[in-house]
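Worksheet for the structure shown next.
The values are calculated or read from the model by the stated rules, or taken from the named source; none is laboratory data. What you are looking at is a predicted structure, and each value in this text was computed from that prediction instead of being measured. Note that we place each Cβ from the backbone using ideal geometry, even for glycine, and neighbour counts take in every protein chain shown. SASA here: full protein model, heavy atoms, side chains in, ligands and nucleic acids out. Shrake-Rupley method; radii C 1.70, N 1.55, O 1.52, S 1.80 Å.
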Amino acid sequence: MADHGIDGDPADRVVEDVHRVAEDIGTMEIRGAATIADAAARALGTQAESSTAETPAEFRAELRAAARVLYDTRPTAVSLPNALRYVLQDVDGDTIGQLRASVRASVSEFCDRLDTAQNDLGRVGAHRLRDGDTVMTHCHSTDVLACVETAVEQGKSLSAFVKETRPRNQGHITAEALSEMGVDVTLIVDSAARRYLDDTDHVLVGADSIAADGSVINKIGTSGLAVNARDRGVPIVCAAQTIKLHPDTLTGHIVDIEMRDETEIVDEATAAEIGDPTVLNPAFDVTPPRYVDAIVTERGQFPPESIVTLMRDLFGEGTDEPWQEP
Ligand code: RUB
């Protein structure tokens, strides 16, 4: 019997499906902040449904262990811990059946809210887009796509410069999605962005995290694009549901920027041919608020510097980590 009153290590009872989701997040089979949040919440639901715990204490410990497996996958998108927090904070009941039902309800409520928030955000963001406008995108953001899709549904005809977004080429996913919506898509290499900004009406990017000072943490290359857009006088808008607000930055926490494997940039044989240089592969960067015109959320549009007020309303002054052992 362990100190916390349960048999064995709860980590050993995290179900295979949760490990699979964690693996898919780590390898980016599941990617993008909103999609990661949805998958993580559902994985906690799977853990609850599959649990063979014999006591409520065991059940709760297993759930926390599953959350830790998911939490440890990727560090930058705050939607992941925010999703885990949402599901874990209200696990309520005296029996395993009640606890399971409580998790089921929280997961379903969370995923519904995520969908609703994205639709609402899409309607807010679509107001910025006019018939005939051209947007420029970076990476693949479902929040950005929601804005464009709503505008298209409103009958607006749009064109897009889509940056391919090295090294993983998420721009290809964006290009396909925009084409399916009927947007006229032009794919460009990342370094061609400045060349085409003079033909662009809006730069639209998503976010993995928004810091309390209004900084936008998003796919590497966002900050360079924003600086260029400001120089060319093109507004840069970040579409980000409030689940992307990083509550820990209210208390001075710095958002951890994920460093990914160098083989995403250059394979081992090519690296050897070119003298085995040091390769650095940061997945995200930080765009200071002075380069961002607006953050579009499901609660409306905000100048980045004012986002702290919304963050405080939603999260209070700080957060806990309910996946840690009490
Ligand atoms: C994805 C990325 C996206 C945000 C927002 O990075 O930077 O812009 O996650 O996406 P990666 P969404 O491909 O490394 O996960 O709007 O879908 O939440």
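On average, how much accessible surface per residue is there in the chain, in Å², for a 1.4 Å probe, leaving out ligands, DNA and RNA?
44 Å²
Given Cβ point charges of +1 (Lys, Arg) and -1 (Asp, Glu) and nothing else, what value in debye, to the nearest 20, does the dipole of the chain about its Cα centre take?
1140 debye
For ARG232 and ASP256, compute 0.36 nm times the residue count separating them, minus their Cα-Cα distance, and round to one decimal in nm.
Stretched fully, the ARG232-ASP256 segment lengthens by 5.6 nm.
Out of the range 251-322, which GluC sites (Glu not before Pro) are coil in DSSP terms and have no more than 16 other C-beta atoms within 10 Å?
When the GluC sites (Glu not before Pro) of the range 251-322 are filtered for loop state and at most 16 Cβ neighbours within 10 Å, GLU258, GLU317 remain.
Within the set of other residues whose C-beta is less than 12 Å from the C-beta of ASP17, count the net charge using Lys and Arg as +1 and Asp and Glu as -1.
Local charge sum for ASP17: -2.
At a 1.4 Å probe, what is the % contribution of carbon and sulfur to the accessible area of the chain?
46 percent
For TYR71, what accessible surface area do you get with a 1.4 Å probe? Give it in Å², rounded to 10.
Estimated to the nearest 10 Å², TYR71 gives 80 Å².
Taking the Cα centre of the range 10-119 as the origin, how large is its charge dipole in debye, to the nearest 20, when only Lys and Arg (+1) and Asp and Glu (-1) carry charge on their Cβ atoms?
Computed about the Cα centre, the dipole is about 280 debye.
Quick check on the chain: helices-only [θ] at 222 nm, where DSSP H runs of length 4 and up contribute -39,500 (n - 2.57) each and the sum goes over total residues. Nearest 500, please.
-13500 deg cm²/dmol
Name the long-range amide H neighbours of ILE188: under 5 Å, sequence gap of 5 or more, or other chain; modelled H, no Pro or chain starts.
The list, which skips near neighbours in sequence, is VAL162, LYS163, GLU164.
Which order, highest average first, do 40-46, 176-182, 219-225, 27-33 follow once you tally other Cβ atoms within 10 Å for each residue and take the mean per peptide?
Top of the packing list down: 40-46, 219-225, 27-33, 176-182.
Classify the range 122-315 as rounded, prolate or oblate from the Cα gyration tensor: take a ≥ b ≥ c as the square roots of its eigenvalues, call it rounded if a/c is under 1.5, otherwise prolate when a/b beats b/c and oblate if not.
Verdict is oblate for the range 122-315.
Shape call for the range 10-119 from the C-alpha gyration tensor, a ≥ b ≥ c root eigenvalues: rounded (a/c under 1.5), prolate (a/b greater than b/c) or oblate?
oblate
So if R0 is 30 Å, what FRET efficiency would ARG130 and ASP190 give, r being the distance between their Cβ atoms, rounded to the nearest 0.05?
0.70
Please give me the summed charge of the neighbours of VAL107: other residues whose Cβ is under 14 Å from its Cβ, Lys and Arg +1, Asp and Glu -1.
-3
Please list the non-local residues whose amide H lies under 5 Å from the amide H of ALA212, H modeled 1.01 Å from N, same-chain partners needing a gap of 5 or more.
Under 5 Å from the amide H of ALA212 lie the amide H atoms of THR249, LEU250, each far enough along the sequence or on another chain.
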